[in-house]
Structures are given as C-alpha cells and as structure tokens.
1. Reachable aspartates and glutamates from Lys67, Cα under 13 Å, same-chain residues fewer than 8 places away excluded?
2. Per residue and in cubic angstrom, what volume does the convex hull of the Cα atoms of the chain have?
3. Relative to 2.2 N^0.38 Å, what does the C-alpha radius of gyration of the range 123-203 come to as a ratio? Two decimals please.
4. Determine the shape class of the range 113-169: with a ≥ b ≥ c the square roots of the Cα gyration tensor eigenvalues, call it rounded for a/c under 1.5, and otherwise prolate if a/b is greater than b/c, oblate otherwise.
5. List, in the order given, every pair from Lys27/Lys234; Lys75/Lys223; Lys189/Lys252 whose Cα-Cα distance in the structure shown is over 30 Å.
6. To the nearest 20 debye, what is the magnitude of the charge dipole of the chain about its Cα centre, counting +1 on the Cβ of each Lys and Arg and -1 on the Cβ of each Asp and Glu?
7. Summing +1 for each Lys or Arg and -1 for each Asp or Glu, what net charge is found among the other residues whose Cβ lies under 11 Å from the Cβ of Ala115?
8. With only Lys, Arg, Asp and Glu charged, each at its Cβ (+1 for the first two, -1 for the last two), find how big the charge dipole of the range 94-206 is about the Cα centre; round to the nearest 20 debye.
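The values are calculated or read from the model by the stated rules, or taken from the named source; none is laboratory data. Bear in mind that the values here come from a model prediction, so they are computed numbers and not experimental data. Using ideal geometry, Cβ is built from the backbone for each residue, glycine included, and neighbour counts are taken over all protein chains shown. Heads up: the accessible areas ignore ligands, DNA and RNA and are worked out on the full protein's heavy atoms, side chains in. Shrake-Rupley method; radii C 1.70, N 1.55, O 1.52, S 1.80 Å.
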Amino acid sequence: KEIKIKNFSEILRNEIIRLIKKKNIAKGNIELEKLHQKLGNSMKDYNLLNGVNKISQMFYDNDIEFKKVYFSFIKYISKNVFKFPFYFQTVPTIRFQCPKGRNNHHYPRYHNDIAYGHPYEEINLWIPLTVKNKSENHGFRIMNLKNSKKIVKNYGYNLDKFVNDCISERGINFKYHKLSSKVKVNYGKMLAFDSRCLHTGEAMLNQTRVSIDIRITPVNEFKKTKYRYQGLGKRKILFEPGKCYFKNSTVKI
C-alpha cells in the first residue's frame, strides 16, 4: 500500500543531507540523486556478504537531532496512518544504492526479512528520499504475497536454502523478476508491505537512491505469539522492546 506522508519526505531528506555534511562524507551543495559523484570508490563499494556499502554503514548511528525527527515521524504515522499501538525499530535502516559500486552484481538477490530472523508479524515501511529515475525507478522490486508464498512453499519453507540459491545461482533472481514489479512509489509517499513478501534491490546505473527502512510490529500481534525472534546478523539482536524495538510502544512515546 502506498501512503502519503505529508512533508516528512522533505524533512527526512534534509536530515540525511545534514548528516552527510556532519559526518564529513561530502561538502557544498548536495543533491542526493547525484551523491555518487562526490564519493570515492571505497564509500560506494558493496560488501559481498550482505550487500551493504561503507556509506550506508556510517548511518547505523546518528545524532539526537535525527532521532527527534525520526520520533516525530513515528508519532505522525501512529496518529494518522496506523491507528493501533505498535513497536517500532529504534534505529531505522538508511540505505545508499550508488551506481558503479564494486560488487554491485550482489544485486538482484531476492529475500524477505524473515529469512534473516525477523518476525513474520512485522510490517515493512519503505521510504524513498530520492526522486525515482525515469528508466530505473528506484532500483527496488517486490513480489506480491501470493507469489512469495508459492515460492517459499516450493522450498518446503526452507528460507536458508532459498536465500543461498539466490546468492549462488544468480540466474534464479532474473527469473523471479517475471513474478515481481518495479516499485514506482513517488517521492513524498512510503510503501507499506507484508514482511513475507519477497523483494530485492537492483544495481543502480544512473543515479544514487537513498531510502529508509522501518519495521513495525502491532503490539497485539507481538503479545499473542509464543515465540521470540533473533536476527542472524553480527549483533544477533532480539526483536523485542528495549532491543531492536524501542522500549515503549507508540502509546507511551
């Protein structure tokens, strides 16, 4: 579902530009769509293990000013979009997809967040902070839930094998393109989708794409499940309040 988010796209975009300058990544007039022109190769190159580049890693930790803006956005969507209490990711994921980055053949690589330990109750929020390119859109594809479930079922629900096949047998990803669609969400909106949906980034060719990922989990759904989930990354983070999620739900912030 595409959702208008008022003027928050511009506010968040300006915050990213401010942080780029504060972190001494680039100076002067910064147009995010052309950010790659100001970056050295080491900032753009992707890690083959997880497809993350250095500039994205530099946004794993941000200052108090950004956190205030982020919490304002969470309060806004709590009041105007998702009118139920939910737990939310304490630190949103900020991604920079740059053209001509080494190892960009890492993409496409289909997956869903459940394959990396996330709860299936999560709702993914994806916010583009750059204007889509006429030919590439955002370099982001998503499959509907019906097709996603069919593929995972064919794997006997073995998500490890599915992800490993997408990594080792590159051609599979291009076959899945036929079952997915390019995301065409306009700047000024966000995309909310089921965490079970398979999706992938694509190598950008002509411009930088900057986006923010946020995961939220309805409190009622969290309380009903008898399981607790743990990420498969380096930190092995728990998807619980006070860990991956902020300690309080939107009712209390």
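1. Once the sequence-local aspartates and glutamates are set aside, what remains near Lys67 is Glu15.
2. Details: hull volume 32.1 nm³, N = 253.
Taking only Cα atoms, the chain has a hull volume of 127 Å³ per residue.
3. On the way: Rg = 13.5 Å, N = 81, 2.2 N^0.38 = 11.7 Å.
Cα-based Rg divided by the globular estimate yields 1.15.
4. Details: a/c = 2.19, a/b = 1.66, b/c = 1.32.
In terms of gyration-tensor shape, prolate.
5. Values: Lys27/Lys234 32 Å; Lys75/Lys223 21 Å; Lys189/Lys252 26 Å.
Pairs exceeding 30 Å: Lys27/Lys234.
6. Numbers: 49 positive and 21 negative charges, 52 e Å.
For this selection, approximately 260 debye.
7. +1
8. Values: 19 positive and 9 negative charges, 98 e Å.
Its charge dipole is roughly 480 debye.
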